[in-house]
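Okay, so here's the structure we're looking at.
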Amino acid sequence: MKEIYYIFENENKKKNCSNIKLAANSLSLQQNIPPQLPEWTKLKNHQCFNCPLHSSKVKYCPIAGSIVEVIDFFQASASYEKITMKVESKNRNYVKDTTIQRGVSSMLGMFLVSSGCPVLTKLKPVVKFHLPFADYINFTVAENMLNEIDDLCEDIE
């Protein structure tokens with residue numbers, strides 16, 4: 001099991017901790033999703049144009065279902081509210097003074113690729129190297145490195 005803790009602390013020292021648990025081998029999100037989810041999470045409400053799921057077989061969008069608690073917690077918060085965010089995992093810890101918007105954005109990336117969405121699941125290997133607060137330069141370097149590895153693998157085959 002891979003666990004990542006996202007700790008949001010506002011200026012009044014109020015904290016929210018989200019514990020993201022991922023299966024060790026598959027990197028799939030391991031969370032208890034309530035059996036009754038809000039109407040907005042239903043697949044038929046706003047299905048992505050490239051989503052292969054059928055609302056007759058799958059009632060809820062996997063991503064929407066996985067982020068309900070995050071949305072509920074932060075819905076009354078201003079996105080520009082200043083926070084101190086800590087991200088803790090087995091191998092690394094990060095701390096950054098930022099805003100709720102940027103902190104939640106970093107965390108949502110984990111939910112997007114590990115929730116069971118059949119389109120974004122292709123990005124799941126990147127979860128192993130998750131960099132909270134990554135910027136454009138981090139993504140560009142990572143993309144170039146992944147392209148190099150992909151080219152090497154093709155040469156071996």
(message) For the structure I just gave you, tell me whether residue 85 is within 25 Å of residue 11 (Cα to Cα), of a type outside the set (Ser, Thr, Tyr), in contact (Cβ under 8 Å) with a residue 60 or more places away in the chain and touching a helix residue (DSSP H, G or I) at 6+ places or on another chain (Cβ under 6 Å).
(response) yes
(request) Count, please, the residues in region 10-67 that happen to be in a loop (DSSP other than H, G, I, E, B) and either of a type in the set (Gly, Ala, Ser) or surrounded by 14 or more Cβ atoms within 10 Å (Cβ to Cβ) (or both). (result) 19
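Okay, residues lined up against (1) modelled with pLDDT of 85 or more; (2) closer than 24 Å to residue 99 by Cα:
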{"residue": "14", "(1), (2)": "no, yes"}
{"residue": "21", "(1), (2)": "yes, yes"}
{"residue": "31", "(1), (2)": "no, no"}
{"residue": "41", "(1), (2)": "yes, no"}
{"residue": "50", "(1), (2)": "yes, no"}
{"residue": "63", "(1), (2)": "yes, yes"}
{"residue": "66", "(1), (2)": "yes, yes"}
(request) For residue 73, work out the one condition from (1) under 23 Å from residue 134 (Cα atoms); (2) of a type in the set (A, V, I, L, M, F, W, C); (3) not in a strand (DSSP E or B) it doesn't fulfil. (result) (1)
(message) Given the condition at pLDDT below 85, within 18 Å of residue 4 (Cα to Cα), part of a loop (DSSP other than H, G, I, E, B) and not aromatic (Phe, Trp, Tyr), answer yes or no: does some residue in region 108-116 qualify?
(response) no
(message) With the structure loaded, tell me whether residue 122 is within 14 Å of the chain's Cα centre (by Cα), closer than 20 Å to residue 23 by Cα and without any contact (Cβ under 8 Å) to a residue 40 or more places away in the chain or whether it fails that test.
(response) yes
(request) Could you list all residues from region 58-87 that are among the acidic types (Asp, Glu) and farther than 29 Å from residue 47 by Cα? (result) 81
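The values are calculated or read from the model by the stated rules, or taken from the named source; none is laboratory data. None of these values were measured; they are calculated from a predicted model. Every residue, glycine as well, gets a Cβ built from its backbone with ideal geometry; the counts of neighbours run over all protein chains shown.
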